[in-house]
Amino acid sequence: MGDLLSNAVSGLLSFQRAINTTSHNVVNVNTEGYSRQRVELDAKPPTMIGGTFIGSGVDITTIVRSHDQFITNSVRESTSAFTRLEKFTDLAGQIDNMLADPQGGISPILQEFFSSVQDVTDDPGSGTARNQLLSTSEALVNRFSSFDTRLEQLGYNTETDIKTSINEINQLASSIADINLALGETNSNGVLSEQSSDLLDQRDSLLVELSTKVNIQVVNEPQNNITVLIGSGQTMVSGATAFNLEARPDPADPSQNIIVYEGIVADIDISAQLKGGELGGLLDYRSSVLQPTINSLGRVAIGLADTFNDQHKAGMDLNNTLGGDFFSFEQPRTIPHSANTGSYPAGITTTITDVSQLTIDDYNLSFTGGNWQLVSTAGNMSSAANLTADVPNVGDTTLSFEGLTVVIDAASVPQNGDKFSIKPTEQGSRTINLAISDPSAIAAAAPIRTASSLQNLGDIDISQGSVVDASDPNLLQPATLTFNNPPSTFDVAVAGVTVATGVAYSNNMDFSLNGWKVNLTGINPQQGDTLTVEANLGGTGDNRNMLELSRLQTTGFFDNGVNNYQEAYSVLVGRVGSMVHSAEVDKEAQSALLSQVVDRQSQVSGVNLDEEAADLIKYQQAYEAAAKVIATAQTLFETLISATR
Amino acid sequence: MRISTAQIYTQGVKSFGVQQTKLAVLQEQISTGVRINKPSDDAAASARILELEQTVSLNEQYQTNINLTENRLNPQETSLTSVENVIQRIRELTLQANNATQSLESRKAIAFEVDELQKELISLSNTIDANGDYLFAGHQSKIKPFSTNITGSISHVEFNGDQGQRLVNISQSRQINTDTSGSAIFMQIPAAMALNESADSANSGTGVLAPAHVYDSENYVADSYQITFDTVSSAPETLYSVQDSAGVTVASGNYSDSQDIEFMGIRTSVTGVPANGDSFTVSQGQYRDMFSIVSGLAESLRSSASSAETAGTYTFGSALTVFDYSTDSASFDVDGLNVNLNSNYTDLDGVTTSIQAQLDSLAVGEYSVTNDGSTVSIAKVVTSASSTAPVVNNFNGDTDLNATTIADFTAAGTTVSGKDSSSIHSDIAQVLLDLDTAFGQVLEARTSIGGRLNALQSQFDDNESTILVTQKTLSVIRDTDLAEAISQLTLEQTTLDAAQAVFARITSSSLFNFLR
């Protein structure tokens, strides 16, 4: 009825609700994700009285949630991107710091180690120098080991973090599904209530939180429903139903987890499809920083141990025996996939044969179509493309590649679909150890010494000699070179038995026998001149092998003979450093983008207290006015009533 | 355009965070003095820094190596200087011994001092350094390199070390030899009369050949000689014979253990029991060792005689107490030379002079006749390797001499073997040449050590400058520019202060403050 009182009452009611809404906004000024609510007032439809339309007051048509869907989507995307970088730089920064530690890094201890080697070179008979070498070697392998322990710890933490993230994702998904359900109930009444607005805000919050965990896509469904997709389109939430992710051990390498989507039909491994958010950051970090760092460090350790051993075995120790292994380390693991069906009674062995070709990749060996194939899981640093060697399984099948040799024993019966993963350098840093405990077992001397007889009449001279093949069984047999008449040739006898006669002589020639090589010089040898090569027994002052060992510090071994130990380590440091640096730069950029988008969101949805204060005054005054109208209506009525008394 | 209240606060807080982070970074840079605290601060520089640090560390190690090498070379130089002094002293003594006025006794005295100097040489050659290593032993540095071996009547120094060299890194591309070869200095002195000995591998007896040396350089003929033993032809005696390379026999005789065997100016001996057909070879070598030069000198000195030495004295006199110088006459042969005594003498001196004159006219300078007042002695002057007493026989004469049998006139003289004056001079000349060569060898070694010490010093300086340059480069890359950092710090601090003031200002104004 379009009369004074009802108009005024409609005003009172409307303004009361408006003030309620304003007060709701005011107290939610600090609520995260709250979209301010605006009351929309509209005039009631007029009534027709006597040919004219008379207004009938005011009504609240809707309470609008100030909200921009597009901006909200942008916020989610930026949040995903930002949190991924944040997590990545946080984790990678830990490795960065580890490598930077001047006391904890590998470089200083490596230099100390080679300093001790040089000290033994200077005084090979000294027990002090030898003991010092053993203790710095011990410190070196311990440093590698402690580094590896810390990296392993980071690995465990990463796996734990992944599991935690997945639990949170699952929980968030089910919370969103619950809200979807609640929204559905509200909506069945066809009324968009304030409660519904708050539920929507809550759902948006959950979605933003979910996007901090992983990249998601939100598809709007009718009736305020949404569908949440992750990865390459797997459904996490559909209406009131939430699906789960699970972290399970990788069948190829049980020490790592993969992320499995528990679908209606089947379980799918979606680890590679999950990008963005903390989970994306964790997975990125694991595959592009943590694993390559472990492998890189392992490669340095293995390279050092292998090459040092080779040279050490070419020497002779104080006990007059040929040097043994100085360091020990484990050969690569070949891990069978848990779903393999073939039988491998003798297993598959992988050995490192050539350090200069060793990379930091891991490899996947698979048997398909009756042939063995090999693929490298190239990290960011790898130069190898996919290696496929279609090798049929025959006898002791051998595959050689990138410094490794894989032997599949003849007794193996592979089945199509069998897979193995090979991680050549992963265990290097953990398993490197010192194989010598006795200082007199350090092979500082060369195994042979040479002499030209004091009775020689000619000017023939023999060089100190070098070892070409330490494994030659006759290396330590005494050899005598005697010049014939005419002295243009010489005969060779080993342990008194002639093995060669009439060997032609020319000035500055090399002569090799039994694994050693000497250089003969002299313009004028005489008949009967004798040169000898014999085992260097009692040569306590000989440092020739130690000299060679000290040269290893500056010899290039890795990457086809380009990088020495220090450089290989520097490559690792530089790589991690530049990755962290560029991730940090990215993070800065992303952070700026995110705050821009958040700004725009709050521009639309945020509560401004001054604005609300003004609204409060506005509605309060309107309320007072409407109340005054009621008073006027009352006065009018009283006038009418008193007129009829 | 509007802004939400929450956003005002968020923005303000965020800018604080940014500023404070900047301040924290600057603080770290200033307090550590290092601009790059993590590899991510500057990845390429981090890698470079590690490599530069390795360069510095390597060069510092080279400096240590240089110091150690100097400590090794200096004692070598000192020892060799002492060796030179000893050789000089021996040379002086040799010249002294060459003087014609020297007698066998005085030369023996000189030989005594030479022996002591030889011991000093041996001791110097076995010098030990501070670490307990023998300096001149090559690789087998714990084993005494020069040991004395006594075989037969001759002692001989043997070298037990090897020709090994110990090299040490003194720079990236340079190594230096820290050893001086004991065998080269002491054992390999080029000499014209160096001898080698060897035993035939088919020898089955226990005979051992002593080191041979040239004792008579005048009669020395360089060739390869073979000493062969024969136990069959005149058993139970063992015979030896020496053939030269042409098969010509140059010496032979009965063998007795450790007895000297001399031929063509070479002396050696064999100890033990050689079997039939055993043979040994003595041939020309290229080198002599220093010790045999010195011991050879000592031996020459001990066995030399002067022109005044006599040997082989036949004394007769007891019969002359009744020989009437003026009336009796006699004649006899001395080594087949006829001497007549007529009755023209007044006293014993006259007899002595007459015998001397007669012998001189028959064999100049070979005999020396003297008397001591009651007996006359006829002595054979030492002219060759062995002189025996003169044989006096064929006596004819006055029976008043109371010499009824030849036996009274024969007497066992002493056989003295030795050198005469001219051969001692030629031997000494040879020794002087050898000593000079030895001296030159030691001098050369010492010069090499000196050269190496110089090279070490200059390499040390080079390494020092490399270290300095590298550290400077490191500093440029790695260290904080304090002036720049501090001024940046002030700037950021000002900004932070301003931001905080502005925040306080803005957040304090609210419409609610003005509502009743």
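Quick look at the numbers
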quantity: Residue list for segment A:553-569, filter: surrounded by fewer than 22 Cβ atoms within 10 Å (Cβ to Cβ), touching a residue at least 60 places away in the same chain (Cβ under 8 Å) and within 22 Å of the chain's Cα centre (by Cα); calculated: A:Asp559
quantity: Meets criteria (surrounded by 15 or more Cβ atoms within 10 Å (Cβ to Cβ) and out of contact with any Pro (no Cβ under 9 Å at 6 or more places or on another chain)) for A:Gln103; calculated: no
quantity: Among the residues listed as B:Ser171, B:Ser198, the single one being over 25 Å from B:Phe136 (Cβ atoms) and within 10 Å of chain A (Cβ to nearest Cβ); calculated: B:Ser198
quantity: Selection within segment B:266-292 - away from chain A (no Cβ under 14 Å) and β-branched (Val, Ile, Thr); calculated: B:Ile266, B:Thr268, B:Val270, B:Thr271, B:Val273
quantity: Selection from segment A:221-254 of residues that are surrounded by fewer than 14 Cβ atoms within 10 Å (Cβ to Cβ) and either more than 30 Å from A:Pro336 (Cβ to Cβ) or assigned by TED's automatic domain parsing to the domain that holds A:Asn340 (or both); calculated: A:Glu221, A:Pro222, A:Gln223, A:Gly233
quantity: Output for segment A:604-633, where each listed residue is over 60 Å from the mean Cα position of the chain (by Cα) and of a type in the set (S, T, N, Q); calculated: A:Gln620, A:Gln621, A:Thr632
quantity: From the options B:Gln20, B:Gln29, residue that is closer than 30 Å to B:Arg505 by Cβ, assigned to a helix (DSSP H, G or I) and either in the same structural domain as B:Glu158 (by TED's automatic domain parsing) or not aliphatic (A, V, I, L, M) (or both); calculated: B:Gln20
quantity: Unmet requirement for A:Ser550, which otherwise passes all of (1) in a helix (DSSP H, G or I); (2) out of contact with any Asp or Glu (no Cβ under 6 Å at 6 or more places or on another chain); (3) closer than 30 Å to B:Thr10 by Cα; (4) facing chain B (nearest Cβ under 7 Å); calculated: (3)
quantity: Extreme residue, farthest from A:Leu616 (Cα to Cα), among residues of segment A:13-26 that are away from every other protein chain (no Cβ under 14 Å) and not hydroxyl-bearing (Ser, Thr, Tyr); calculated: A:Leu13
quantity: Breaking point among (1) within 12 Å of chain A (Cβ to nearest Cβ); (2) out of contact with any helix residue (DSSP H, G or I) (no Cβ under 7 Å at 6 or more places or on another chain); (3) more than 24 Å from A:Glu548 (Cα to Cα), for B:Lys119; calculated: (1)
quantity: Among (1) within 12 Å of chain A (Cβ to nearest Cβ); (2) hydrophobic (A, V, I, L, M, F, W, C); (3) buried (at least 19 other Cβ atoms within 10 Å of the Cβ), the one test that B:Leu80 misses; calculated: (1)
quantity: Meets criteria (farther than 30 Å from A:His581 by Cα and in the same structural domain as A:Gln94 (by TED's automatic domain parsing)) for A:Ile268; calculated: yes
quantity: Residue that is more than 21 Å from A:Gly105 (Cβ to Cβ) and within 12 Å of chain B (Cβ to nearest Cβ), where the choices are A:Asn545, A:Asn563, A:Asn519; calculated: A:Asn545
quantity: Strands (runs of 3 or more DSSP E) wholly inside segment A:391-492 that include at least 2 residues being closer than 21 Å to A:Thr351 by Cβ; calculated: A:397-401, A:404-408, A:418-423
quantity: Pair list, Cβ < 6 Å and 6+ apart or interchain, from segment B:339-354 residues that are among the aliphatic types (A, V, I, L, M) to residues that are surrounded by 13 or more Cβ atoms within 10 Å (Cβ to Cβ); calculated: B:Val339/B:Phe332; B:Val339/B:Ile355; B:Val339/B:Gln358; B:Leu341/B:Ser329; B:Leu341/B:Ala330; B:Leu348/B:Asn371; B:Val351/B:Tyr345
quantity: So B:Phe112, is it more than 7 Å from chain A (Cβ to nearest Cβ) and either closer than 24 Å to A:Glu548 by Cβ or in a loop (DSSP other than H, G, I, E, B) (or both); calculated: no
quantity: Pairs, first within 7 Å of chain A (Cβ to nearest Cβ) in segment B:36-52, second modelled with pLDDT of 85 or more and not in a helix (DSSP H, G or I), C-beta under 8 Å, six or more apart; calculated: B:Ser46/B:Ile36
quantity: Residue list for segment A:60-79, restricted to those being touching a Leu at 6+ places or on another chain (Cβ under 9 Å), crowded, with 16+ Cβ neighbours inside 10 Å and under 25 Å from A:His24 (Cα atoms); calculated: A:Ile60, A:Ile63, A:Arg65, A:His67, A:Thr72, A:Val75
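The values are calculated or read from the model by the stated rules, or taken from the named source; none is laboratory data. Only a predicted model underlies this, so the values are computations on that prediction, with no experimental measurement involved. Backbone-built Cβ (ideal geometry, glycine too); neighbour counts: all protein chains shown.
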